[in-house]
Structure formats: structure tokens, C-alpha cells
Amino acid sequence: MKCRTCRGPAIIDLKAHNANFCAEHFLAFCREQVARAIKKHRMLGPDERVLVAVSGGKDSLAVWDILLELGYQADGFVIGLGIGEYSETSTGYARAFASERGLTLHETSLRDDHGFDVPTAAEVTRRVPCSACGLSKRHLFDKAAIDGGYDAVATGHNLDDEAAVLFGNTLRWNTEYLGRQRPVLPARDGFPRKIKPLVRLGEREMAAYCVIRGIDYIVEECPMAAGNKHLRYKEALNAIEAESPGSKHAFYHEFLSKAADRFADDAAGAIADGTSELGTCTRCGSPSSNEVCAFCLLVERTADAVPVTLGERRGARR
Ligand code: AMP
Ligand code: FES
Ligand code: ZN
Ligand code: ZN
């Protein structure tokens, strides 16, 4: 097995790209894939400042590292979600990455700064934990980016994540989501631009990238997301990919080039309906179509709840 670039011994084979690489040229390949995604989808200009949402997992630490390597001004942002030891460990990896490299990492904690955590919110709302978790992340990413004057928020969503979401949306023909499933969401109405620079790289590549770069990350998945539908979609796509390398890439990227535009009206209609009278939340000042935004309502609903520790949740729905 020889490296495609230097013909030296290769350490990784990428069947989807019909290529093998040595460590050095694999890192170059990853950077090149991110640069291509940024250019093609016009994610970032050379002098723009980007806030990277870092969870402490491989994808978000790798995207932060690659953006810096490509010369972007990238700071980090981590949210303590209060999911027991899992959250503490993940935040620890984000902090270690930043401090070892002298980087700026902004932090917020749901429990300390907003009075609740994900397990308690799940119990109070009787919804899956990912629901309050996702709502909180979106709200806090947006707010941190706007308050800090960043041009965009980058997340570590990779090709496997995006293909799995596309698979779910296609299975149910969620046309509104299909029209919005793009690697860049432009800034609008007080929301910052959102970008996903890893859409050309998969999970296996990101794990290899971190190992080669010596980046320590949390390997465990979130304990509250076990059994999540997306994990099953990923397994299904992996089975297809094993038989037919390159399928995931074609499924997602051909969707973007050939089909996504066809659903633009469905997405635009949904945005117009939902935000036709977009004002600002009277409590936090974020853009909201209601007097109080969904995040502030969650803060209010959970304010008097007895904190739930992991393993104590009762009868929550999936
Ligand atoms: P997930 O929703 O857990 O699949 O994570 C998707 C992306 O959201 C990650 O790649 C990160 O960029 C970001 N993210 C997830 N959890 C956190 C967190 N606790 N703090 C900051 N960013 C996060
Ligand atoms: Fe959000 Fe697990 S990370 S519920
Ligand atoms: Zn090489
Ligand atoms: Zn609010």
C-alpha cells in the first residue's frame, strides 16, 4: 500500500477516494477537503472570524485544528450540558486542546449560567433529551457568535452525520428540511451564518486525523443519545458504503448539486410562516417570533425543578 502523493508507505486507505496516504499526506488531504468545501460553498472569507462550537469530540476538535492550519481566525466555544461525567470529560478535552495551544475558548454552563441541565430539561418537558439539548445548543451558539462579533459559527458535522440526516429526511420526505439541509446557512434576521466545513470528510477520517495530530478527544457517545434514530441510519449507510465505496459522498453531494434547490420553496415557506413577525425575545434579546423565545421558556419551566442526575430519569419518551 503506497501513498498516492509520495509513493512512500501508506497508513490509511480511503476506498471512497480510491487512494492511500502516508500520515503527512493524509493530513494534507484532510485540509484540502476542508478548503474545497469552504470555497465551493462560500463558507468563509479569508479575513472572517469564526466561532467553532467544540464538544470535545473528534470532529469539532479536528475542524478547529484544520481551520487554524488553513489560517483562519478561529476561537472555540463549549457548552457544559450537565450530562454527568460525560459532559465534564468532554469539556475537559476542549479545555486541554485550547490551553495546550494558547487558543481562546469561550465557555458557558447550562446549570451555572441558566439554572438547568439536559437531564432535568428532558424530565420536565417529557421529551427526548436531544430536543432540549439541540434547542439550547442552537440558541447559545447563535448568541455567542452575535455577542462576540463573529462572522460565522462552525460545527463539526461530518459527511456521515449529514448523510444520516439526509437519509432520515428522505425516508419521510420532509421537504421543508430537505430545502434547508445545506452546509451553509446564511446569516439572517439577527442569526449568524452557520457552516459545516467537514462535509467532505467522514467519521473514520476524523478519528484518524486526531490520532495523527495527537489530539485527545472523548471517544464515548452521549449516554442520552443511545438508540437514537440517526445511529441506525448511520449503520444502514455504512453497510451500503462497505459494498459500494463512495455511496455516502454521492448520496449527499449529488443531493446538494442536483436536488436541494428543488425544495427551496418548501424551506422558504416554512421560514416565512414561522418568522413572519420576527421580533426580539423580551428576556434575552435574541430574534424570536414570540414574545419570549423557546430557550427562555425552557429556562422558566425548569427553574424550580429538582435537578435530575443520570440514571434517575423516569418514563421519558423516545
Ligand atoms: P451533536 O449535535 O452532538 O452531533 O454535535 C454536533 C456539533 O455540535 C459538534 O460537532 C460540535 O460542533 C457542536 N457541539 C456539540 N456539543 C457541543 C457542546 N457541548 N458545546 C459546544 N459545541 C457542541
Ligand atoms: Fe445532546 Fe446528548 S449531546 S442529548
Ligand atoms: Zn505521502
Ligand atoms: Zn430569550
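Give 316, 250, 264 a once-over and let me know the one that is at pLDDT below 95, of a type in the set (A, V, I, L, M) and not in a loop (DSSP other than H, G, I, E, B).
Working: 316 fails: not in a loop (DSSP other than H, G, I, E, B); 250 fails: at pLDDT below 95.
After applying the criteria, what remains is 264.
Tell me whether the stretch 229-243 contains one or more residues that are within 16 Å of ligand 2 (Cβ to nearest atom), under 17 Å from the mean Cα position of the chain (by Cα) and among the hydrophobic types (A, V, I, L, M, F, W, C).
Yes, some residue in the stretch 229-243 is within 16 Å of ligand 2 (Cβ to nearest atom), under 17 Å from the mean Cα position of the chain (by Cα) and among the hydrophobic types (A, V, I, L, M, F, W, C).
Output the residues belonging to the stretch 73-101 that are open to solvent by 40 Å² or more (accessible area, probe 1.4 Å) and within 23 Å of residue 30 (Cα to Cα).
73, 93, 100, 101
Among the residues of the stretch 62-84, is any of a type in the set (Asp, Glu) and under 19 Å from residue 194 (Cβ atoms)?
Within the stretch 62-84, one or more residues are of a type in the set (Asp, Glu) and under 19 Å from residue 194 (Cβ atoms).
Could you list, in sequence order, the residues of the stretch 117-134 that are hydroxyl-bearing (Ser, Thr, Tyr) and within 10 Å of ligand 2 (Cβ to nearest atom)?
Scanning the stretch 117-134 gives a single hit, 131.
What residue, of 236, 226, is touching a residue at least 12 places away in the same chain (Cβ under 8 Å) and surrounded by fewer than 16 Cβ atoms within 10 Å (Cβ to Cβ)? Let's see the steps before the verdict.
On the way: 226 fails: touching a residue at least 12 places away in the same chain (Cβ under 8 Å).
Result of the check over 236, 226: 236.
Please go through the stretch 248-270 and give me each residue that is among the aliphatic types (A, V, I, L, M) and under 26 Å from residue 238 (Cα atoms), ordered by number.
If we filter the stretch 248-270 for residues that are among the aliphatic types (A, V, I, L, M), which is where we start, we get 250, 256, 259-260, 264, 267-268, 270.
Within the stretch 248-270, 250, 256, 259, 260 meet the criteria.
Just checking, how many residues over the stretch 1-22 are near ligand 3 (Cβ under 8 Å from one of its atoms) and surrounded by 14 or more Cβ atoms within 10 Å (Cβ to Cβ)?
6
Condition test on residue 140, is it closer than 18 Å to residue 51 by Cβ, near ligand 1 (Cβ under 9 Å from one of its atoms) and among the hydrophobic types (A, V, I, L, M, F, W, C)?
yes
The values are calculated or read from the model by the stated rules, or taken from the named source; none is laboratory data. Remember, it's a predicted structure, so these values are computed and weren't measured experimentally. Virtual Cβ from ideal backbone geometry, glycine too; neighbours counted across all protein chains shown. Areas reflect the complete protein model, heavy atoms only, side chains present, ligands, DNA and RNA absent. Shrake-Rupley method; radii C 1.70, N 1.55, O 1.52, S 1.80 Å.
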